[in-house]
Amino acid sequence: MINKLYFDVRDVLRAPRLGLSAKKVWVQFIGMVVGLLGYAVLSYGALLLEGYKLAEIWAMFGALPIPVGLGLHWYGWVITGVGALWAVIISMLAGTATAKLTYEQLRGNDFYSKKEAWKFARKHASAVILSPIGMAIVAIVLVGGGLLIGLIAGTGAVGAWVTTAFYPIIMAVTIFTVYLLVIVKAGFLIAPAIVGTTKNDTFETIFEMFSTVSAQPWRLILYEIVLGLIAVVALGILTVFVVLALKLMYMVFGYAWGTDFTQYVFPQAGYYTFSFLKTPATLLHEATLCGVNTCIQSGALSPEVLLSIPGINWIYYLPTMTAIAIAPGAGLQVAAIIYAVWTIVLLGLVISYFFSTMYTGHALIYLILRKKKDDENLLERKDYDEEFPEFEVPEDKVEDDLVPPEATAEEAPTEEKEGE
């Protein structure tokens, strides 16, 4: 049964609930792992080529290097950029799978599987990737053309005269380039939603991106702002529940397990987790520190109240985590490592819920905007096999067609002989 939509901002508010799906969160988690793994391998490779040692890279960045301020050579930045592009592409494919799951769920097909969603995303990968990236390349070429014109203008009086003579054309191309960059930005957000709900090819997806941004710019901006706000709020609520659950587990394990857990396993696992996620954890710490100091200086909240919020205290004191100096038995050391691994997985699932909410919201936004601009409810659109059932080929007919005539002729005497 097709779910009813209001085709307004009220549908966007459903994104956190629809995004809280095991299938969608797991799709995002797998996409995040594959994307970040590729980025980590390439960024580590870039730093190794620059002469850094493996232990040195780990000590500086952990598992996810962001080599800002290291002064890499051009090839180091290129390799790191390829890694970042890989992560973006995998995220878009995961977003396409999530959009497809959302579309099928809204159509009443709750049994559409993760495997089918990933298969769909791989099949339509070219449309998802080439539509925004292709336009980004065009924008880069136009910017490069502008640089070339600037160089020509600097060659002398004749070059300056020629450049200024074509000023109206140059201004028109510049305005188009800015508009194209806006389309590229929107394309990275809604291209997975367009493909996931329409099965469009590359050119159709590009057309829809231009059409959506041109026909419904203010609704697109408003809905994206609303989606971002509710996604952050939903992530905060889930984080609070996770932190409270961890505190409860700490109390229970501390009582039942004893000091081995409270004085070694738990703090040591925290140190391992911070060491692995050092770069994102440090960035999160700096952002939290800035927010806490701003609230304290403005008098909005006292330091005691701020640091009592679940999760804020842990983030605030992240850099103070150090390895435990004592040398416990091998069992506790392994337990701390296992605990750290599951903590990292848990953090990954929490972040995956945020991306699940965002991509689910993008699918809802595109369904709304498509209805507004074309008066078409995509949820009522029939697939090809539903619209033209007379063209379906029975499975037994397909199997018969796969058998060569020679094989049938050879098997006929055998069957008669068996009958005798």
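The values are calculated or read from the model by the stated rules, or taken from the named source; none is laboratory data. Here the structure is a predicted model, which is why all the values come from computation and not from measurement. All Cβ positions, even for glycine, are placed from backbone atoms using ideal geometry, and neighbour counts span all protein chains on display.
Which of the numbered conditions does Asp8 fail, given that it passes all the others? Conditions: (1) over 30 Å from Glu376 (Cβ atoms); (2) surrounded by fewer than 15 Cβ atoms within 10 Å (Cβ to Cβ).
Against the list (1) over 30 Å from Glu376 (Cβ atoms); (2) surrounded by fewer than 15 Cβ atoms within 10 Å (Cβ to Cβ), Asp8 comes up short only on (1).
Within segment 37-46, identify whether any single residue is surrounded by 15 or more Cβ atoms within 10 Å (Cβ to Cβ) and free of Cβ contacts under 8 Å to residues at least 24 places away in the same chain, and answer yes or no.
The answer is yes; a qualifying residue exists.
State whether the residues of segment 19-35 include one that is touching a Lys or Arg at 6+ places or on another chain (Cβ under 6 Å), touching a residue at least 24 places away in the same chain (Cβ under 8 Å) and of a type outside the set (A, V, I, L, M, F, W, C).
Within segment 19-35, one or more residues are touching a Lys or Arg at 6+ places or on another chain (Cβ under 6 Å), touching a residue at least 24 places away in the same chain (Cβ under 8 Å) and of a type outside the set (A, V, I, L, M, F, W, C).
When segment 335-385 is examined, which residues are found to be acidic (Asp, Glu) and either in contact (Cβ under 8 Å) with a residue 12 or more places away in the chain or in contact with a His (Cβ under 7 Å, 6 or more places away or on another chain) (or both)?
Glu380
In contact (Cβ under 8 Å) with a residue 24 or more places away in the chain and within 26 Å of Tyr353 (Cβ to Cβ), is that true of Ile79?
no
Please state which of the following conditions Thr259 fails to meet, knowing it meets all the rest: (1) of a type in the set (S, T, N, Q); (2) within 27 Å of the chain's Cα centre (by Cα); (3) loosely packed, with under 15 Cβ neighbours inside 10 Å.
Just one mismatch for Thr259, condition (2).
Residue check: is Gly81 at positive phi and of a type outside the set (Lys, Arg)?
Here the answer is no, as Gly81 does not meet what is asked.
Of all the helices (runs of 4 or more DSSP H) wholly in segment 111-188, which have at least 1 residues that are closer than 18 Å to Val88 by Cα and without any contact (Cβ under 8 Å) to a residue 40 or more places away in the chain?
Passing ranges, in order: 114-123, 125-153.
Looking at Glu406, is it farther than 30 Å from Phe241 by Cα, assigned to a helix (DSSP H, G or I) and at pLDDT below 50?
no
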